[in-house]
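K.L.:
Before anything else, here's the structure in question.
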Amino acid sequence: MSLLAVHDLAVSRGGLRTVEGVSFTLRGGEALILRGPNGIGKTTLLRTVAGLQPPTEGGVEMAEDAVAYAAHADGLKAALTVTENLRFWSAVFGGGPVGPALAAMDLAALADRPAAALSAGQKRRLGLARLMVTGRPLWVLDEPTVSLDADSVARFASVVRAHLAGGGAALMATHIDLGLDEARVLDLTPYRARPGRAVRPAGFNEAFA
Amino acid sequence: MSLLAVHDLAVSRGGLRTVEGVSFTLRGGEALILRGPNGIGKTTLLRTVAGLQPPTEGGVEMAEDAVAYAAHADGLKAALTVTENLRFWSAVFGGGPVGPALAAMDLAALADRPAAALSAGQKRRLGLARLMVTGRPLWVLDEPTVSLDADSVARFASVVRAHLAGGGAALMATHIDLGLDEARVLDLTPYRARPGRAVRPAGFNEAFA
Amino acid sequence: MIALLKRDLALAVRAGGGFGLGVAFFLILCALVPFGVGPETSALRPIAPGILWVGALLSCLLSLDRIFALDHEDGSLDLLATAPIPLEGAVAVKALAHWVTTGLPLIAAAPLFGILLHLPGQAVPWLIASLLIGTPALSMLGAFGAAITVGLRRGGLLLSLLVLPLYIPTLIFGTEIVRRGMEQGSTATPLLFLAGITAGVLALVPFAAAAALRVNLR
Amino acid sequence: MIALLKRDLALAVRAGGGFGLGVAFFLILCALVPFGVGPETSALRPIAPGILWVGALLSCLLSLDRIFALDHEDGSLDLLATAPIPLEGAVAVKALAHWVTTGLPLIAAAPLFGILLHLPGQAVPWLIASLLIGTPALSMLGAFGAAITVGLRRGGLLLSLLVLPLYIPTLIFGTEIVRRGMEQGSTATPLLFLAGITAGVLALVPFAAAAALRVNLR
Amino acid sequence: MIELGKYAGTVLAAYGVSLALLAGLVWQSIVANARARRDLERQEKNG
Amino acid sequence: MSIWEYANPVKFMRTSGAILPWAAGAAAICTTGGLLWGFLTPEDYKQGSTVKIVFLHVPAAMMAINIWVMMLAASLIWLIRRHHVSALAAKAAAPVGAVMTLIALATGAVWGQPMWGTWWEWDPRLTSFLILLLFYIGYMALWSAIDDPDSAADLTGVLCLVGSVFAILSRYAVLFWNQGLHQGASLSVAPGERMSAVYRYPLYLTMLGFFLLFLTLLLIRTRTEIRRRRLAALQAREMRA
Ligand code: HEM
Ligand SMILES: Nc1ncnc2c1ncn2[C@@H]1O[C@H](COP(=O)(O)OP(=O)(O)OP(=O)(O)O)[C@@H](O)[C@H]1O
Ligand SMILES: Nc1ncnc2c1ncn2[C@@H]1O[C@H](COP(=O)(O)OP(=O)(O)OP(=O)(O)O)[C@@H](O)[C@H]1O
Ligand SMILES: [Mg+2]
Ligand SMILES: [Mg+2]
């Protein structure tokens, strides 16, 4: 069963297309890593898949409420403790208990510390632990390992592997090696939108694009 | 003649020491690159040298008005054009003409574009061009090549070389290779502050440190 | 959604100032007015209802940008938009949290500040009633304004500019209630209008605010 | 320093709203008050000086956070602190730019809005004079408050709380001038006091503000 | 010249203000349009 | 070919370019003609020469309201059918509407001084106009504050929608507010029907003139906005390339 199907997708940012003609499917147990130079449109693509912005062209097919999104901003409140932050997101997503997630990302020792007192890497780990309590099958991750040290990257890889083994899927954008050799890689460079390519006067508003 | 002399410097951030016992000198024509893992205190050290925060211990000696500081935030105004931004800083620092700086960082073609319409790398180049119009001998640079592509890094290296050749000096923190082989490298890891090491009850305020 | 409400309230309490600052601002405003217009009862009494309402409105205004801006900055808003609760519901809950942390303390403090302005005693129940009915609309309209300006750097002044004209009907009926209460007149009509406006706002504005938020998240 | 002034003015013009928003907010405030206190001339005229001054003060207040916050965010403040101009001078220049972009338009608009509040014609020169003398102090004190709160997330309400009490003397003497002008009384004493306050503020506060900025840059 | 009587100031002020506002609006519209056209033409020639 | 074809920017530029000189000419003729004619009308026995102000005041007041309605329609078209031109037309119309409101307010204020003995009275009609001005200001401020053009169009569209509802609500609130306190009857303006033909025909001509003037300005300003959009798109494209 395919969790996510993307056909001929074009996305735009600031009124200009960034990538176009992207197609792929993702089944349970699969992971796909997006690569490409800075500014090609990885973040934009991931946000489109997560439903935060509409596709310019083409379509994204997936079950409703299937996706958990994690980006640079972790959605943490500095004034709440680690457990409180996690418990909040668990309650919002109607997801699982926070204990295993804390343990998996090695946060148990920090459980009662306010998020303000975490280092950047610890914050990032908490943001990733949030994924586990959402109970969502499709993880959409934008540069998940930023500011993590080597140990934490390995820990993260094993969490993703467990998620895939449980029938989930993951779509990730990254510049560095995640140690997930089983993941497919999609380089976005060939899909860079070329201004001339869009059929110009087809739509009403193409004069601007 | 030494442009900068740092003796036995300790710096703190958020009330805690980050590095201590750092000493070095920098003469005209020399460059020093600081290295070390995330969070060891490179940024804090550079801000101290630039005079933005006081040293916790030890001293920083240099001529007055010798230092030009450049960090992640470039001090650019989105509403002003490239030339206007540069001309402003030139006027504030009483520095040189903006033409050569624009040419050196390959910004001449963008001279009339508002800074808002620059890509991240172009912004960064403009931030570095600012250094050239300050006319200051000592450049203090915090991760100067973030978001620059390979060409621009090479261009930056040649600008720094020209600055050194003109009798200037540069102190830089970076995680990646700048292609400046003549620069000395100082790894901060051995200077990481150890909580126990500071002579504790010497001053009144040390009880908190 | 209850979790969201609880979190927003907890944050307002912990971050400090959620409850207090609005009331303090209200107090300062009410204290400034006698300096401006002179301390005589005859000068203060007729304008007391208006000043109290305008003061409550401005205090409410100044805390509006907190409704969404912080959640936008730290990415919570992105996550809430992908969460299984409708964004309209999240908007309503956040407006409710704003009302609890700003509107309720104002209502509690208003009678006290009424004394400063020589508001007669028989008007106090009407003051409380009008604020109780009117301030939820202020919070909800404020949430709409905050949703529109959430992506903007320093949208504070713009937010005020957009929201204040929307506050006019509430303000008019609110003060009218207090004024009539002060003069022992019939308050039924303005009460009805005020309640109608609040009901309409609470029913419809969450959709507009959620639409604005979606645009800003794009 | 002239370069800094020119840049700040250019930014206020380009970024849009530097000049306009404050005046628009002032207009809304002046329009809201009659909704609160009633439309009669007899009710509006006595409070007109107070309302105009409080309105000018609040409009000034709401744009204060722009003085340093934007420069702090984009790193300009770090660079200015290492520049060969004294930080005190930079503070004074930025306060001046704030006054030119906010205070001056307010002063120009105040007589017009005075019409809305039925301010009698003979008070208008005094309104302009008092604002001309008083608003520089508001900008300078505001710069001090902005310097104190520059590092804080959403320091807006806190900034208001810190700054408003500092504004009280200026407000009192400012309205007194207009009130006496309205009643054809002697305005010499409050004018003198107001000028004294402004002179003192302009001479001393830049140092306090620069000190606060240095702490916040650390 | 038309006789405006004792209200001459009023009438002339009303006409003056209104025509000034209208003229300003028309002028601004035309200038902005000319500038947009010029900028666009230059861009299209270069790019 | 449907009417929506004109929502294509290219098509719009062509058509509007053809209409523009005619509209401008007609606007100039009708406005100056009507105002001159109006200026030459005899004095009213009661209002004296101030009656001549009506030829500015009424068309401006009328257009101030009509332009907001037009903006509402354009915003709805944008929100529902997403034609950029209609969003840009709404943006282009706002300053014109604001100036019309200002003219109505200014002429009314100048007129009020001799007629009512005051520059400003919190009469419901005047008050509603002040509120309308506030909505125009807020709308324009929002447009200029948002960088992304599509987001700006969406958000200002929503604001226009909500604002319209509240403009109407405010109108009734203001009527209510000023009833119990202040009898406005003596201040209420004379209905148009009672106006004699001497004033009526020049008034009709200036009304037509103001409408044509609005149309001309709307076309010019929309063309400006389209060009700006296209310029921004070209620059962004070049930047990304
Ligand atoms: C700032 C003050 C004023 C404002 C905002 C204002 C506004 C308006 C408005 C909205 C209309 C209706 C236009 C329409 O819907 O067709 C109008 C019409 C009119 N006004 Fe004023 N007005 C003001 C002052 C005055 C004054 C002082 C007078 C004269 C004593 C006056 C005389 C008239 C007349 C004769 C009409 C045309 C009658 C009609 O079409 O109903 N107005 N004004
Ligand atoms: N708010 C914006 N307005 C206009 N253009 C934007 C905006 N944000 C991003 N862009 C542009 O859109 C393009 C795609 O950006 P995006 O963030 O998707 O790139 P990315 O592949 O994620 O890059 P990175 O590797 O740096 O994360 C970039 O060229 C960028 O300059
Ligand atoms: N505002 C703050 N309050 C408290 N602690 C802070 C604050 N900012 C930084 N720190 C801590 O101070 C230490 C030194 O930070 P600094 O930014 O100097 O590190 P760095 O070497 O520049 O790291 P990087 O390589 O990530 O740039 C870090 O451990 C960090 O957690
Ligand atoms: Mg990205
Ligand atoms: Mg650093």
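The values are calculated or read from the model by the stated rules, or taken from the named source; none is laboratory data. Please read all numbers here as calculations on a predicted model, not as lab measurements. Here Cβ is always computed from backbone atoms with ideal geometry, including for glycine, and neighbour counts include all displayed protein chains. These accessible areas exclude ligands, DNA and RNA; they are computed on the full protein's heavy atoms, side chains included. Shrake-Rupley method; radii C 1.70, N 1.55, O 1.52, S 1.80 Å.
K.L.:
Which one of these is assigned to a helix (DSSP H, G or I) and buried (at least 16 other Cβ atoms within 10 Å of the Cβ): F:Ile77, F:Ile19?
P.N.:
F:Ile77
K.L.:
If you don't mind, there's one more thing I want to ask. Quick check, is F:Gly108 more than 10 Å from every other protein chain (Cβ to nearest Cβ) and without any contact (Cβ under 8 Å) to a residue 60 or more places away in the chain? Even if it seems obvious, please write down each step before you answer.
P.N.:
On the way: more than 10 Å from every other protein chain (Cβ to nearest Cβ): no; without any contact (Cβ under 8 Å) to a residue 60 or more places away in the chain: yes.
It is false that F:Gly108 is more than 10 Å from every other protein chain (Cβ to nearest Cβ) and without any contact (Cβ under 8 Å) to a residue 60 or more places away in the chain.
K.L.:
Just for segment B:90-117: of the residues that are facing another protein chain (nearest Cβ under 7 Å) and of a type outside the set (Gly, Ala, Ser), which one is nearest to B:Thr48 (Cα to Cα)?
P.N.:
Of everything passing the filter in segment B:90-117, B:Phe93 is nearest to B:Thr48 (Cα to Cα).
K.L.:
Considering only segment B:99-130, state which residues are open to solvent by 20 Å² or more (accessible area, probe 1.4 Å) and within 20 Å of the chain's Cα centre (by Cα).
P.N.:
B:Ala104, B:Ala120, B:Gln122, B:Lys123, B:Arg125
K.L.:
Scanning segment D:32-71 for residues that are within 12 Å of the chain's Cα centre (by Cα) and within 12 Å of C:Val54 (Cβ to Cβ), which turns out nearest to the other protein chains (Cβ to nearest Cβ)?
P.N.:
Across segment D:32-71, the extreme among qualifying residues is D:Val54.
K.L.:
Of everything in segment F:80-104, what is within 16 Å of the chain's Cα centre (by Cα) and either open to solvent by 30 Å² or more (accessible area, probe 1.4 Å) or facing chain E (nearest Cβ under 10 Å) (or both)? Give them in sequence order.
P.N.:
F:Lys91, F:Ala92, F:Pro95, F:Val96, F:Ala98, F:Val99, F:Met100, F:Leu102, F:Ile103, F:Ala104
K.L.:
A further question on this structure: Within segment C:178-218, how many residues are in contact (Cβ under 8 Å) with a residue 40 or more places away in the chain and not in a helix (DSSP H, G or I)?
P.N.:
Here the count works out to 2.
K.L.:
Which is over 24 Å from A:Arg184 (Cβ atoms), aliphatic (A, V, I, L, M), open to solvent by less than 20 Å² (accessible area, probe 1.4 Å) and more than 8 Å from chain C (Cβ to nearest Cβ), of A:Leu32, A:Leu26, A:Leu86? It would help to see each step written out before you state the result.
P.N.:
Numbers: A:Leu32 fails: over 24 Å from A:Arg184 (Cβ atoms); A:Leu26 fails: over 24 Å from A:Arg184 (Cβ atoms).
Criteria check complete, one pass: A:Leu86.
K.L.:
Say we look at segment F:161-179 and pick out the residues that are at the interface with chain C (Cβ under 9 Å from one of its Cβ atoms) and open to solvent by 70 Å² or more (accessible area, probe 1.4 Å); which of these is modelled with the lowest pLDDT?
P.N.:
Step one: filter segment F:161-179 for residues at the interface with chain C (Cβ under 9 Å from one of its Cβ atoms), giving F:161-163, F:165-167, F:169-170, F:172-174, F:176-177.
From what is left, the residues that are open to solvent by 70 Å² or more (accessible area, probe 1.4 Å) are F:165, F:172.
On the way: F:Val165: 93, F:Tyr172: 86.
Among residues in segment F:161-179 that are at the interface with chain C (Cβ under 9 Å from one of its Cβ atoms) and open to solvent by 70 Å² or more (accessible area, probe 1.4 Å), the one modelled with the lowest pLDDT is F:Tyr172.
Every residue, every condition in (1) at pLDDT below 85; (2) small (Gly, Ala, Ser); (3) within 16 Å of ligand 1 (Cβ to nearest atom); (4) over 19 Å from B:Leu26 (Cα atoms), yes or no:
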{"residue": "B:Arg124", "(1), (2), (3), (4)": "yes, no, no, yes"}
{"residue": "B:Arg136", "(1), (2), (3), (4)": "no, no, no, no"}
{"residue": "B:Pro144", "(1), (2), (3), (4)": "yes, no, no, no"}
{"residue": "B:Ala150", "(1), (2), (3), (4)": "yes, yes, no, yes"}
{"residue": "B:Ala157", "(1), (2), (3), (4)": "no, yes, no, no"}
{"residue": "B:Ala193", "(1), (2), (3), (4)": "yes, yes, no, yes"}
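K.L.:
Kindly establish whether B:Asp106 is at positive phi, assigned to a loop (DSSP other than H, G, I, E, B) and outside the structural domain of B:Gly179 (by TED's automatic domain parsing). Even if it seems obvious, please write down each step before you answer.
P.N.:
On the way: at positive phi: yes; assigned to a loop (DSSP other than H, G, I, E, B): yes; outside the structural domain of B:Gly179 (by TED's automatic domain parsing): yes.
So B:Asp106 fits the description; yes.
K.L.:
Kindly indicate whether any position in segment B:76-91 is away from ligand 5 (no atom under 16 Å from the Cβ), among the aliphatic types (A, V, I, L, M) and within 15 Å of the chain's Cα centre (by Cα).
P.N.:
The answer is no, given that none of the residues of segment B:76-91 is away from ligand 5 (no atom under 16 Å from the Cβ), among the aliphatic types (A, V, I, L, M) and within 15 Å of the chain's Cα centre (by Cα).
K.L.:
Could I ask something else about it? Looking at segment D:180-189, is at least one residue at pLDDT 90 or above and touching a Pro at 6+ places or on another chain (Cβ under 9 Å)?
P.N.:
No, there is no match, as no residue in segment D:180-189 is at pLDDT 90 or above and touching a Pro at 6+ places or on another chain (Cβ under 9 Å).
K.L.:
A further question follows. For segment F:212-235, give me the residue count where each residue is more than 7 Å from chain E (Cβ to nearest Cβ) and either at pLDDT 90 or above or open to solvent by less than 30 Å² (accessible area, probe 1.4 Å) (or both).
P.N.:
Selection size over segment F:212-235: 11.
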